[in-house]
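Notes follow the structure.
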Amino acid sequence: MLMRFLSIGLLFALIIGAGMCEDQADGAENATVSMENITENATSNVTAEVAPLSLQYIWSVSLSSGEQITMALNQSGSELFGSAKYEGAEPWNGVVVGTVNGTSVDLVLTALKGRTLVPIVLKGSYSEDTITGTYSVYSPTGPVDNGKFTAMWINPDTSVYTPAVIAEAAPPAPAAQTNVTETEQTTATKPTQLSKREFFDVTEKKEEIFSSPASIIPPGIGMGAGLS
């Protein structure tokens, strides 16, 4: 009888132990699945935060100074680069480089105005297809102008961008030159003015002329011929 009770107790113990092991196994599996979900969610969140905004558009940039600039931005990751132009009274072309970090956008636009490079630094933030912020214009000695800007994208195809047409400066007019050859020819061909012919008064030399008989004999007539 005792042996029967022991056998029944041992059977119950085995059943309970098996159930506990199964529960532990299920718990371990559930814990593993939960960790995988947490890891996947965390990775997705990090990827969403790191992915930069796409700003590869043609933009119309309005400065508070009144300039209306057209800017074509290309993008590689968080790096921005492209071209810019101004087509107002004194048109110019330029280049742009910068970065995007989250919603922050930093750009440096270098404009070629005449023969001078003029850097324009733009710092702004992106929201609803628009970049707004402040700008500063620099010279070799420091900032010369600043204000606010607004940029709105107007075309997603940056390949259609064309630079501003810059009129070439007219070459300086040559200095007036004297035609030396013509002047010399004119001088050479101009007749020399003859000096005034002096009048000879024979009365002043009458004594010398009539002092000798030979002086009054016409040339070609000898003395002998005159006496024959």
What spacing in nm lies between the two simple spin-label points modelled at E90 and S65, each 7 Å away from Cα in the Cβ direction? 1.0 nm
Computed label-point distance, nm, for sites S139 and S78 using a 7 Å Cα→Cβ extension: 3.5 nm
How far is it, in nm, from the label point at I154 to the one at T110 when both lie 7 Å from their Cα along the line to the Cβ? 2.5 nm
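Values in this text are rule-based calculations from the coordinates and carry no lab data. Quick caveat: nothing in here was measured; it's all calculated off a predicted structure. Cβ coordinates were reconstructed from backbone atoms using ideal geometry, including for glycine residues, and neighbour counts include every protein chain displayed.
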